[in-house]
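Okay, so here's the structure we're looking at.
The values are calculated or read from the model by the stated rules, or taken from the named source; none is laboratory data. A quick note: this is a predicted structure, and the numbers were derived from the prediction, not measured. Backbone-built Cβ (ideal geometry, glycine too); neighbour counts: all protein chains shown. Areas reflect the complete protein model, heavy atoms only, side chains present, ligands, DNA and RNA absent. Shrake-Rupley method; radii C 1.70, N 1.55, O 1.52, S 1.80 Å.
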Amino acid sequence: MAEKKKVKKEKEPDITFYHPDLLAVPENEPPYLKGYKCKKCGQLDFPKVAPCPNCWGEEFEMVPLSRKGILYSFSDLYIGQPGLETPYICGYIDLPENVRIFAMLKGEVNTFKCDEEVELTTGQIRMNADGLPITSYMFQKA
């Protein structure tokens, strides 16, 4: 009788991209963020909040959000958590749909200004525990 050898499965690297409920990256098209509109009252949120904080509705429709917005506020950060290369920039972006997004900004410190137009892109936000890049949504100057 032949012995079965147990093959030890190697640990797969933690290659985290983005949460599929937040960002879509269609092939050969620009990425977009996914807003969620309550079917009961029409409130639009990002990210998805369930139940709806306005009416307690449980059903939502995915709505592609605008790729461009206005930089409301930002901060150049020189001290970060492990895995984040410093300095980096985070900010709040106001989209035309009356949704405010918190995101990292792609660019150099001391170059952003409030009230300027920014657009959605993707980029490396940090390294994971295996030393591989984690990619997510970001905004850059339009």
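Quick notes on this one:
- Over segment 18-65, the fraction of Cα-Cα pairs per 5 Å bin, rounded to whole percents and listed from the shortest bin up, is 5, 25, 28, 18, 12, 7, 4, 1.
- Scalar couplings 3J(HN,Hα) for segment 107-119, obtained by applying the Karplus form with A = 6.51, B = -1.76, C = 1.60 to θ = phi - 60°, are x, 8, 4, 6, 10, 8, 9, 4, 6, 9, 7, 10, 9 Hz; x denotes Gly and Pro.
- Three semi-axes of the equivalent ellipsoid, the chain, Cα gyration tensor, whole Å, largest first: 33, 25, 13
- Dipole check for segment 66-141: with +1 at the C-beta of Lys and Arg, -1 at the C-beta of Asp and Glu, and the Cα centre as origin, the magnitude is about 80 Debye.
- Principal axis dimensions, segment 58-115 - Cα atoms, whole angstrom, descending: 40, 27, 14
- Segment 18-65, relative contact order [Cα under 8 Å, separation at least 6], %: 35 percent
- Annotation: extensible slack from Lys40 through Ala24 equals 3.3 nm (criterion: 0.36 nm per residue apart, minus Cα-Cα distance).
- Given charges at beta-carbon only (K, R positive; D, E negative), |dipole| of the chain in Debye: 560 debye
- Distance between modelled label sites at Glu108 and Cys55, nm, 7 Å Cα→Cβ extension: 4.9 nm
- Taken along the Cα-to-beta-carbon direction at a fixed 7 Å, the label points for Gln140 and Met127 span 2.2 nm.
- Cα-Cα over 27 Å, subset of Lys39/Lys113; Lys48/Lys68; Lys40/Lys141; Lys39/Lys68; Lys48/Lys106: Lys39/Lys113; Lys40/Lys141
- Full-extension gain in nm, Asn98 to Leu84, via 0.36 nm per residue minus C-alpha separation: 2.1 nm
- Its Kirkwood hydrodynamic radius, worked out from the mean inverse distance over all distinct Cα pairs, puts segment 102-142 at 11.2 Å.
- Per-residue SASA entry for Met127, accessible area with 1.4 Å probe, Å² rounded to 10: 70 Å²
- Solvent-accessible heavy-atom area per residue, rounded to whole Å², over the chain at 1.4 Å: 69 Å²
- Percent carbon-and-sulfur accessible area, segment 66-141, ignoring ligands, DNA and RNA, probe 1.4 Å: 49 percent
- Estimated at the nearest 10 Å², the accessible area of Cys114 is 70 Å² with a 1.4 Å probe.
- For Thr135, Thr86, the ranking by accessible surface with the largest value first comes to Thr86, Thr135, using a 1.4 Å probe.
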